[in-house]
Structures are given as structure tokens and as C-alpha cells.
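All remarks here apply to the structure that follows.
Every number in this text was worked out from the coordinates using simple rules, so none of it is lab data. Since the model is a prediction, treat every value here as computed from it, not as a measurement. In this analysis, Cβ positions are derived from the backbone assuming ideal geometry, glycine residues included, and neighbour counts consider all displayed protein chains.
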Amino acid sequence: MEQNAIDVLLLYNFPQYVLALGAPCLTVFDVADDLVAMFDHEAGQLGQLTFHWLAKAFQDQLMRKSALVTTPFTVLAERLNGNVMVLPNGTDPDLARRADGLKIRERYKTPIVGFLGAFEYFVDFELVLEAAERLKEITFLLVGTGRCCFHRSGALGTA
């Protein structure tokens, strides 16, 4: 950080706390998900009992060390109990109004359901795939990567 004269350090997970310890710059902590709940899920019951408190402590310390904490969800901001700025996911309405959808409409004549994001265990892709199978008159475009897998023949897998 010092060698490259970094002005702002953007962190997104509590294990990155060690990077914030000696950061010679402003630190921003972007809390895109309920990180402690995700840790609890991934650690299982034993890991939860053993390390939940540590995960929560790292997250709380990182929030205190950061000049700015952001999240896309008001509900999560309330749970974080701190000075958190809500930056909702979404689009710029003016930019969306100017967007030219002609090329995509030429390719797909049906209504389109789109997803851009992480393919993780907390997204119910079995439900999405079932909806796609049942709603043949709608095109589903899914873009992303992650750790979730699909067991259906011809369905998406991990990248």
C-alpha cells in the first residue's frame, strides 16, 4: 500500500481485517451480505459454536477501523449497528431510459428475466430453473459465477 501510494483501501470481508490494521490510507468496508450469517452457515454447527464470536469480533473491529461502511440493504444496515451508508443495488434510471434494447430484442422475441450476480448457496437456483422450465414463453438470461452447483442435466454448473 505504501509503495503504490494507495489512497483508499476497499475491503469486503472480515478476514481482510489484517489489511486494515496498518493501512496508511482511508479504509472502506463494503458489507454486501450478512457476513457473520454466511460464516455460520459455511462453518457448520461446530464451527459456529467455536468461531462465531471471532467472526463477529473481526467484523465489528473492521467496521470501527473503517472511515466508511457501506451496504446495499437497509435491513442489513440496521443489523450492523453502526454508522453505515446504504448504497442500494440498482441502475441509473436516466441511463436505463437511454439504453438501446434493439439488439437483444432482435435476438430474443420473448420477455426476458435477467440475473447478474453470484451463484451462491443462498440463491435458490433450483427454483429459478424450475420457473424457466415452466415458463417457456420467457427467456431466462443468467450471468455470474460462484460455488453453487446444479444437478439437472444441461443446467449451469460452477465456473
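Laid out as a table, the results:
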{"item": "Residue-averaged 222 nm ellipticity for the chain, from DSSP H runs of 4+ at -39500 (n - 2.57), nearest 500", "result": "-12500 deg cm²/dmol"}
{"item": "Folded to 0 to 90 degrees: helix 125-134 orientation relative to the chain principal axis, Cα", "result": "10"}
{"item": "Highest average packing first - 27-36, 137-146, Cβ atoms within 10 Å", "result": "27-36, 137-146"}
{"item": "Cα Rg, Dmax (largest Cα-Cα span) when computed across the chain, Å", "result": "19.9, 56"}
{"item": "Where labels lie 7 Å past Cα in the beta-carbon direction, separation of TYR121 and ARG147 in nm", "result": "0.6"}
{"item": "Net length gained if the chain between GLU2 and ASP30 were fully extended (0.36 nm per residue, minus Cα distance)", "result": "7.9 nm"}
{"item": "Tensor-based shape of the stretch 8-86 (alpha-carbon gyration tensor, a/c under 1.5 rounded, otherwise prolate or oblate)", "result": "oblate"}
{"item": "Sparse-neighbourhood loop sites, trypsin sites (Lys or Arg not before Pro) in the stretch 69-115 - DSSP loop, at most 13 other Cβ within 10 angstrom", "result": "LYS109"}
{"item": "Lysines whose Cα lies under 18 Å from that of LYS136, excluding same-chain neighbours fewer than 8 positions away", "result": "LYS109"}
{"item": "Distance (nanometres) between label positions extended 7 Å along Cα→Cβ at ASN89 and GLU137", "result": "2.8"}
{"item": "Label zone at GLU42 (point 7 Å along Cα-to-Cβ), backbone N below 15 Å, the stretch 56-80", "result": "56, 58-59"}
{"item": "Förster radius 35 Å - calculated FRET efficiency between TYR108 and LEU19, Cβ distance, rounded to 0.05", "result": "0.25"}
{"item": "Rounded Å value of the spacing that divides the Cα centres of the stretch 40-54 and the stretch 8-33", "result": "22"}
{"item": "Acute angle (nearest 10 degrees) that the helix 35-65 long axis makes with the longest principal axis of the chain, alpha-carbon atoms", "result": "60"}
{"item": "Convex hull volume per residue for the stretch 93-145, taking Cα atoms only, in Å³", "result": "103"}
{"item": "Per-peptide average of other Cβ atoms within 10 Å, ordering 51-64, 2-15 highest first", "result": "51-64, 2-15"}
